[in-house]
Amino acid sequence: MREYKIAAIGGDGIGPEVLECGLRSLNAVAEYEGFEFSVERFPWGSDYYRAYGTMMPDDGLDTLREFDAIYFGAVGDPEIPDDVTLWGLRLVICQGFGLYANVRPAVMLPGLRSPLRSELSNKINWVVVRENSEGEYAGIGGRTHRGFTEEIAVDTSVFSRVGIERLQRFAFELALTRPEKHLTCVTKSNAQRFGMVLWDEIFAELTQKYSDIETDKVLVDAATARMVLNPGSLDVIVASNLHGDILSDLAAALAGSLGIAASGNLDPSGNNPSMFEPVHGSAPDIIGNGIANPIAAIWSGAMMCEHLGEAAGSSRLMAAIAKVAKENKVMTRDLGGDASTENVTDAIIAAVRGDDLDLEIFNQLGT
Ligand code: GGG
């Protein structure tokens, strides 16, 4: 039987709760499709930091390297500075493994409500491709004169030709697989005169090579307005680390909730394990209440299935999510319902196991 080794890192806050729901759903789909996940759980995160002074062991990357994929929950704890937790776990994995393509789909599922009017929200069918290894989150900078009036802090953005080109090429290739074949380059080259200008130049070079793709370019501030006012004009969106981080939260909110936003941090070379995680953070205000939305974690699991070559399993999981959303009976609070995390997971698993599941329900959305 086909078996995939998964490293599961629940991390902080609601991360472990939603990840367990994701694993239950993944096991259900694997059983249906005739493959298996062999899961090892790692207790890394803020509790680990409180016990050992580090978010993960020094040889953590070597440990993870042995796995086919990493399934991640969330990071962030009110008692520990956010830069310590984020850099100690999520970013160290993304940079350490060269997971340079952060893929974040946003699709308006039938049955869900958007803050936009339905004639606009029905057009939301986007993939944000976020640069995930350098840019504004390169981690280069410093502070000096701490506590003095002259104190300064510097964060340096790094934009390399290699880093930009590989990411944008990935976005072009992704756009080629979609019906619209449209790629929007998000930039800020009017204000950021060096890195973003290189970003634009490389985009223009690649545009010449991908003549089947319709392209355009938009400043990040204008992109926010366009997402709200003209969502149908967007398809695949390629953006820097910071811009992609921000725009994908907006995309999720417009598509109904951050609680459904999934992501994959990919090493397209396949040399290292890619990592799949909900876009939402640790939500410490609702830990243990049983009300966190598991859909983002389950959708991320579907992305992991697809990455591992289990396309049928991925489609089944997505169809089950879409069915439960469309019925709109078992939804968590963020989507206007009163169901628990477990209720939603159970409904999705029941749909996965159903022989009458409409496998086209998600594909028909034009994804
Ligand atoms: N599961 C996503 C998560 O924990 N995100 C925390 C966060 O702030 N991430 C910033 C980033 O995506 O770089």
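Amide H to amide H distances under 5 Å link residue 187 with 218, 219, 220, where only residues 5 or more positions off or on other chains count and H is placed in the peptide plane. Quick one: accessible area per residue over the chain, 1.4 Å probe, rounded to a whole number of Å²? That works out to 43 Å² for each residue. Around the amide H of residue 215, modelled in the peptide plane, lie the amide H atoms of 183, all under 5 Å away and 5 or more residues distant in sequence or on another chain.
Scanning residues 5 or more positions from residue 292 or on other chains, those with amide H under 5 Å from its amide H are 341, with H placed 1.01 Å from N in the peptide plane. The accessible surface of region 111-196, taken with every protein chain in place and a 1.4 Å probe, is 53 percent carbon and sulfur. Note on residue 233 and residue 160: with the Förster distance fixed at 22 Å, the Cβ-Cβ geometry gives a FRET efficiency of about 0.15. Rounded to the nearest 500, the helix-only mean residue ellipticity at 222 nm of the chain stands at -12500 deg cm²/dmol, with each DSSP H run of n ≥ 4 adding -39,500 (n - 2.57). Select from region 112-161 those GluC sites (Glu not before Pro) which occupy a DSSP coil region and have at most 15 other Cβ atoms within 10 Å, ordered by residue number. Passing both the DSSP loop test and the Cβ count: 150, 151.
Can you grab the distance from the C-alpha centre of region 170-185 to the C-alpha centre of region 93-169, Å, no decimals? The two parts, judged by their Cα centres, are 18 Å apart. Straight-line cross-link partners of residue 181 among the lysines, defined as a Cα under 25 Å from its Cα and at least 8 positions apart when in the same chain: 123, 209, 217. For region 1-99, the carbon plus sulfur part of the accessible surface works out to 47%, probe radius 1.4 Å.
Where the accessible area of region 210-367 is counted over protein heavy atoms with a 1.4 Å probe, how much of it, in %, is carbon and sulfur?
Carbon plus sulfur share of accessible area: 50 percent.
Derived scalar couplings between HN and Hα for region 205-221 equal 4, 5, 4, 5, 7, 10, 6, 7, 9, 7, 10, 8, 9, 9, 5, 4, 5 Hz in order, rounded to whole Hz, by the Karplus curve 6.51 cos²θ - 1.76 cosθ + 1.60 (θ = phi - 60°), x for Gly and Pro. Backbone geometry of region 265-280 corresponds, through the Karplus equation with coefficients 6.51, -1.76 and 1.60 at θ = phi - 60°, to 3J(HN,Hα) couplings of 9, 10, 9, x, 6, x, 6, 10, x, 7, 10, 10, 7, x, 5, 4 Hz, x marking Gly and Pro.
Evaluating 6.51 cos²θ - 1.76 cosθ + 1.60 at θ = phi - 60° for every residue in region 349-357, the Karplus couplings come out as 5, 4, 5, 4, 7, x, 6, 9, 5 Hz, glycine and proline recorded as x.
When the GluC sites (Glu not before Pro) in region 1-104 are filtered for DSSP coil states and for at most 11 other beta-carbon atoms within 10 Å of their beta-carbon, the remaining sites are 66, 79.
Quick check on region 114-255: take the gyration tensor over C-alpha atoms, sort the square-rooted eigenvalues as a ≥ b ≥ c, and tell me if it's rounded (a/c under 1.5), prolate or oblate. In terms of gyration-tensor shape, oblate. Taking trypsin sites (Lys or Arg not before Pro) in DSSP loop conformation with at most 16 other Cβ atoms inside 10 Å as exposed sites, the chain has its longest uninterrupted site-free stretch at 194-328.
Separation of region 251-320 from region 62-78 is 13 Å, based on Cα centroids.
The values are calculated or read from the model by the stated rules, or taken from the named source; none is laboratory data. This structure is a prediction, so every number in the text was calculated from the model and none was measured. In this analysis, Cβ positions are derived from the backbone assuming ideal geometry, glycine residues included, and neighbour counts consider all displayed protein chains. Heads up: the accessible areas ignore ligands, DNA and RNA and are worked out on the full protein's heavy atoms, side chains in. Shrake-Rupley method; radii C 1.70, N 1.55, O 1.52, S 1.80 Å.
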